[in-house]
Structure formats: structure tokens, C-alpha cells
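Each remark here refers to the structure printed beneath this line.
The values are calculated or read from the model by the stated rules, or taken from the named source; none is laboratory data. Please read these numbers as outputs of a predicted model, since none were measured by experiment. Note that each Cβ is placed from the backbone with ideal geometry, even for glycine, and that neighbours are counted across all protein chains shown.
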Amino acid sequence: MRVDASVVNGWFIKALARKYRLFTSSEISVTEAVAPCLRRAYYNRVRRYIPTPVEALKIIGSRVHTVIQEVLRSEGWDVEVGVSIDLGGWRLVGRADAVKDDVVLEFKTVNGVLEEPYESHRLQLQAYLTILHAREGYLVYIDRASGKVKVFKVRPSKTALREVIERARKLKEALEEGQPPPPTRGPWCNTCPHKWHCLKEVRGRDK
């Protein structure tokens, strides 16, 4: 059996595919709904975006909680807990990193120590908390470079869940109609795999 770089890269991509399952047409994930740009989530679906080996490695490597899953389990936490809410013909779905009693944990790796949590992460956790009827949650940030940890306490919010549901509904309707949502410009555009396709479509529409 020959093992070279292409074989190893293939393993990373397969591992990513197993970790992040494809959603059906009747499912919108919380992660998709809270994304800063719904158009990127739309393109990920319709263009069947497959991460490059480098991107796959970064995503797999960023899932810090997988390293401590056994520790969490030994302390009574349930890990990778499925979250779902039926919205009449379609579902909002997600997967919480760790749940114990009425507390939910979400682990995130970042570049640099944050003063405040990212809005998308806060919305994601608030949605999980509300759906699970949990009392409180904690966003656990780990700085990739220094290893420093910053923890933010988050409370459930029905208002936040309604916002996530509304964003999910917009994405679902866009997918059904075959029309991408309007782009949301920001620093994330620089690393978006659909950047040039998005610009081309916007320019074509403006002519």
C-alpha cells in the first residue's frame, strides 16, 4: 500500500465529510443560519462546495473539544448532542458540543483573545439553550497561538432563537427559489471560497 501526500489529504477530507454531514432539503442548520453571510451558506449548498485539504485540516484541527471529549464524558457531560426543532415541513438542526444538566458548552478556536464573543457564536449558543430548555451556556474560546482561554457566559433568549429561525427561513426560501440571498460584506469575504463567483453574479445583475 502506497501512502503519499494525496492519500493523507484524502483522509482529511473524508474525516471532514463524516464530521459534518450533508443536510437534506428540509433541514437548515443553526450554523448555516447564524453565518455572517447567508449567501455563502447558500453557495455551500448549491455549488456543492468541497473543502481543500488545507481547509479540511484547519476545520478538523479547530474542533478543540474533540481532544477533551473523553474527559468531559468522564465528568458526566454528553458530547455532540443533537439539537432539533420542527418548524412545520422543515427543521432547524444543530449539534451542541457538550451538555450537562441544564448547562451547554460551545468550544471555539480563534486567532487572538477576544474582548466580546462573536455575534454568530452567541446566537448559535442562545438557539441551542432555548431549544434544549437549558439554564445557561458558556462560549469557550481558545487562542490558537497562545493557548489562552476566555469564557463568556450566555443566557437563553427566545428573541435570539426567533432571529435564527428567521434567517434559516430566508436561506430555505432562497434554496427553494434558486436565488441567492443578498451578500453581506465583511472581512469574511477575503477568505470566502465563493468570492469571485459572488462578485461575478453581483456585477452581472447590476449591468
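For (1) at positive phi; (2) within 18 Å of the chain's Cα centre (by Cα), each residue gets a yes or a no:
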site	(1), (2)
LYS100	no, no
GLY112	yes, no
ALA127	no, yes
ILE131	no, yes
PRO180	no, no
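Please work out if ARG63 is among the charged types (D, E, K, R), modelled with pLDDT under 60 and either crowded, with 16+ Cβ neighbours inside 10 Å or out of contact with any strand residue (DSSP E or B) (no Cβ under 7 Å at 6 or more places or on another chain) (or both).
On the way: among the charged types (D, E, K, R): yes; modelled with pLDDT under 60: yes; either crowded, with 16+ Cβ neighbours inside 10 Å or out of contact with any strand residue (DSSP E or B) (no Cβ under 7 Å at 6 or more places or on another chain) (or both): yes.
Against the criterion (among the charged types (D, E, K, R), modelled with pLDDT under 60 and either crowded, with 16+ Cβ neighbours inside 10 Å or out of contact with any strand residue (DSSP E or B) (no Cβ under 7 Å at 6 or more places or on another chain) (or both)), ARG63 qualifies.
Does LEU123 satisfy being more than 16 Å from ASP102 (Cα to Cα), at pLDDT 95 or above and crowded, with 19+ Cβ neighbours inside 10 Å? I'd like the intermediate steps shown before the answer.
On the way: more than 16 Å from ASP102 (Cα to Cα): yes; at pLDDT 95 or above: yes; crowded, with 19+ Cβ neighbours inside 10 Å: yes.
Yes: the conditions hold for LEU123.
In the range 105-130, what residues are of a type in the set (Val, Ile, Thr) and closer than 21 Å to ILE28 by Cα?
Once the filter is applied, which keeps residues that are of a type in the set (Val, Ile, Thr) and closer than 21 Å to ILE28 by Cα, the range 105-130 yields only THR130.
For the range 69-120, how many residues are closer than 18 Å to VAL149 by Cα, surrounded by 15 or more Cβ atoms within 10 Å (Cβ to Cβ) and of a type in the set (A, V, I, L, M)?
6
Only one of GLU55, GLU32 is surrounded by 15 or more Cβ atoms within 10 Å (Cβ to Cβ), acidic (Asp, Glu) and at pLDDT below 85; which?
On the way: GLU32 fails: at pLDDT below 85.
Going through GLU55, GLU32 in turn, just one is surrounded by 15 or more Cβ atoms within 10 Å (Cβ to Cβ), acidic (Asp, Glu) and at pLDDT below 85: GLU55.
Quick grid of which residues meet (1) farther than 14 Å from ILE85 by Cβ; (2) in contact (Cβ under 8 Å) with a residue 60 or more places away in the chain:
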residue	(1), (2)
HIS133	no, no
GLU136	yes, no
LEU139	yes, no
ALA145	yes, no
SER157	yes, no
LEU171	yes, yes
GLY186	yes, yes
